[in-house]
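One structure is given below, encoded as structure tokens.
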Amino acid sequence: MERMESMEPISAYYTTAYPEIQPDSGCRSGEATASQPRTPPALTYDEELVHKTILVGDSGVGKTSLLVQFDQGKFIPGSFSATNKVVTVDGVNVKLQIWDTAGQERFRSVTHAYYRDAHALFLLYDITSKSSFDNIRAWLTEIHEYAQSHVVIMLLGNKADMSSDRAIQRDEGERLAREYSVPFMETSAKTGVNVELAFTAVAKELKHRVVQHTNAPKFQIHEYIEAQKEKSGCCSYF
């Protein structure tokens, strides 16, 4: 298959302009302006931004069920295509347009098209299916080839409620995530374990990327996830 045309930079989808930083007018006489530490003004997040978010992974890993659990708070196996969801983080509303690729896994040209303008990707495997885990590397290769270079990627080991049938240990998922420098957690679309946390963490990362000053400390999504797990005492399956 031919490679798709070159992708637009992520800045093409984030329209919030960075304000110009003005010199500090309160400098003392005789002191060099360059010697004065300046704190850049806080950037305002544009709540009209819509972040395209895609669920990908092998057939049967639970992409649709995960999306329905996040959208409706219940477990309903079945067909689903897309939904718009507003996630409130740090007092602002982050809009996610979430696409489910279930049923299209065999049509790879279709999923390649999804990657092109995605801001975030949830890559799922089934903890009871070794083949779905083994295929994660192939999915990541495609993502790195067709998606934007700054796309947010989160690896999810789904069906954590089926621990008695587990084929992939949690530390295997953690090692793979570290290898590719992506955040990771295990989820259950059936019980809701970590589902909201996964989407909230990605929404928070997307929001911080829009308003982040170049020289400011970056939002650490891994640390945020671990802190939230400790706060909630999560998770009984792990």
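Inclusion of Met162 among residues that are surrounded by fewer than 19 Cβ atoms within 10 Å (Cβ to Cβ) and either touching a residue at least 60 places away in the same chain (Cβ under 8 Å) or among the hydrophobic types (A, V, I, L, M, F, W, C) (or both) is warranted. Which of the residues belonging to the range 116-156 are of a type in the set (Asp, Glu) and in contact with a Gly (Cβ under 8 Å, 6 or more places away or on another chain)? Residue satisfying the conditions is Asp126 alone. Applying the criterion of being among the acidic types (Asp, Glu) and not in a loop (DSSP other than H, G, I, E, B) to the residues of the range 63-107, the residue that is modelled with the highest pLDDT is Asp71.
Contact map, the range 178-201: residues that are among the basic types (Lys, Arg) paired with residues that are modelled with pLDDT under 95 and part of a helix (DSSP H, G or I), Cβ distance under 8 Å, separation 6+ or inter-chain. Pairs shown: Lys190/Ser65; Lys190/Gln69. Tyr114 meets all of the listed conditions (1) crowded, with 21+ Cβ neighbours inside 10 Å; (2) closer than 26 Å to Asp46 by Cα; (3) at pLDDT below 95 but one, namely (1).
This table checks each residue for (1) outside any loop (DSSP other than H, G, I, E, B); (2) surrounded by 17 or more Cβ atoms within 10 Å (Cβ to Cβ); (3) at pLDDT 90 or above.
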{"position": "Ala201", "(1), (2), (3)": "yes, yes, yes"}
{"position": "Lys204", "(1), (2), (3)": "yes, yes, yes"}
{"position": "Lys207", "(1), (2), (3)": "yes, yes, yes"}
{"position": "His213", "(1), (2), (3)": "no, no, no"}
{"position": "Glu223", "(1), (2), (3)": "yes, no, no"}
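For residues in the range 174-188 being surrounded by fewer than 19 Cβ atoms within 10 Å (Cβ to Cβ) and assigned to a loop (DSSP other than H, G, I, E, B), which is farthest from the chain's Cα centre (by Cα)? Across the range 174-188, the extreme among qualifying residues is Ser181. The residues of the range 141-173 that are within 19 Å of Ala201 (Cβ to Cβ), aliphatic (A, V, I, L, M) and not in a loop (DSSP other than H, G, I, E, B), listed by number, are Ile143, Val152, Ile153, Met154, Leu155, Leu156, Ala160. Filtered by the rule that a residue be charged (D, E, K, R) and in contact (Cβ under 8 Å) with a residue 24 or more places away in the chain, the range 165-177 gives Asp165, Arg166, Arg170, Glu172.
The values are calculated or read from the model by the stated rules, or taken from the named source; none is laboratory data. Please read these numbers as outputs of a predicted model, since none were measured by experiment. Methodologically, a virtual Cβ is constructed for each residue, glycine included, from the backbone with ideal geometry; neighbour enumeration extends over all protein chains shown.
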